[in-house]
Each structure stands twice: as structure tokens, then as C-alpha cells.
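Here's the structure, in C-alpha cells; my notes come after.
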Amino acid sequence: MLDQPDSWMDGEVGRQCVVRDANELLELANASRAPCAARGLLRCECDDPGCSSLIAPTHAEYEAVRASGSRFLIAIDHENPVNACVVSEGDRYAVVDVVVGEARYTVLAHNPRHSWVDRHAAPRDGDRSGDAV
């Protein structure tokens, strides 16, 4: 029973990483739209598996959050104080930073934008891009 909180937290953090990855694809689509076109909404990156909230950051706001691999965009009041703290909150969304030890390591290790992920990924057959220079 003592292991239950860790596995519970791993599931929540894993969900946040999956939604962040999905939002990366949505934001790529947003960035390719004409400047006058409406932006698509992004999914709330909270750890609630039942959450269907949508958020609407600008491209600059989105990129500012992605500058830190442990930060996530969430709907207002969707934070989980067990593993994260709110670092900013506006009218449309909040930003949380995952601060608990193992949870923080997990979100940083699964951040697709950080070179650490690419450098330590196992190279595919014939692919030497993971090798150090």
C-alpha cells in the first residue's frame, strides 16, 4: 500500500506529458495558420483524466511556458497542490510548475523540446543523431 501514492502520481504526471505532447502538435498547426486566421484551442494540461477544458494562450504565451520543461498550461483552478505550484494566473489560464522530486524528473525527462531527451534517446538502426559530437 505504501507504493500507491507514487504510482498514482506517476499516472497523473504521465497524463500531463501526453496532453503536452498533443498540445505541441496543435500549436504547430496554429503556427502554420495565416496570421488573420483563428487559433485552435489547446487542451488543459492538468492531471485530471476527466478534464475536457480548453485554453486559449497566444503563441507567445505558449512559447514562454514551454521555455521551462516542468511547466504546464492549465485551466483556472485545475492545479494539484500535491505535486505542483501555480507560478502565474491570468483570465484565460494558469501556469503550474511541477516541483515534487520524482514527478519533476519525469516531466523534464519526457519534455520533447529539451535536448537532453534527444541526446539520451536510443539511436535507431543507422541513425547516429543521438551520438555526442
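Check whether at least one residue in the range 2-15 is of a type in the set (S, T, N, Q) and modelled with pLDDT of 90 or more, and report yes or no. Step through it out loud before you land on a result.
Our first condition is that a residue be of a type in the set (S, T, N, Q); within the range 2-15, this holds for 4, 7.
The next check asks that each one be modelled with pLDDT of 90 or more; those that pass are none.
Scanning the range 2-15, I find no residue that is of a type in the set (S, T, N, Q) and modelled with pLDDT of 90 or more, so the answer is no.
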Q) Among the residues of the range 22-79, which ones are charged (D, E, K, R), over 21 Å from Val100 (Cβ atoms) and either touching an Asp or Glu at 6+ places or on another chain (Cβ under 6 Å) or in a helix (DSSP H, G or I) (or both)? A) Glu24, Glu27, Glu61, Glu63
(Q) Please go through (1) surrounded by 15 or more Cβ atoms within 10 Å (Cβ to Cβ); (2) among the acidic types (Asp, Glu); (3) at pLDDT below 90 for Glu45 and return the number of the only condition it doesn't satisfy. (A) (3)
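Could you tell me which residue of the range 76-133 is modelled with the highest pLDDT, considering only residues that are basic (Lys, Arg) and exposed (fewer than 12 other Cβ atoms within 10 Å of the Cβ)?
Restricting to residues being basic (Lys, Arg) and exposed (fewer than 12 other Cβ atoms within 10 Å of the Cβ), the top hit is Arg128.
Residue by residue, here is whether (1) within 12 Å of Asp47 (Cα to Cα); (2) within 10 Å of the chain's Cα centre (by Cα) holds:
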site	(1), (2)
Ala64	no, no
Ile74	yes, yes
His78	yes, no
Val82	yes, no
Val87	no, no
Thr106	no, no
Q) Does any residue of the range 42-49 turn out to be more than 17 Å from Val107 (Cβ to Cβ) and of a type outside the set (A, V, I, L, M)? A) no
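The values are calculated or read from the model by the stated rules, or taken from the named source; none is laboratory data. Everything numeric here is computed off the predicted structure, so don't read it as measured data. Note that we place each Cβ from the backbone using ideal geometry, even for glycine, and neighbour counts take in every protein chain shown.
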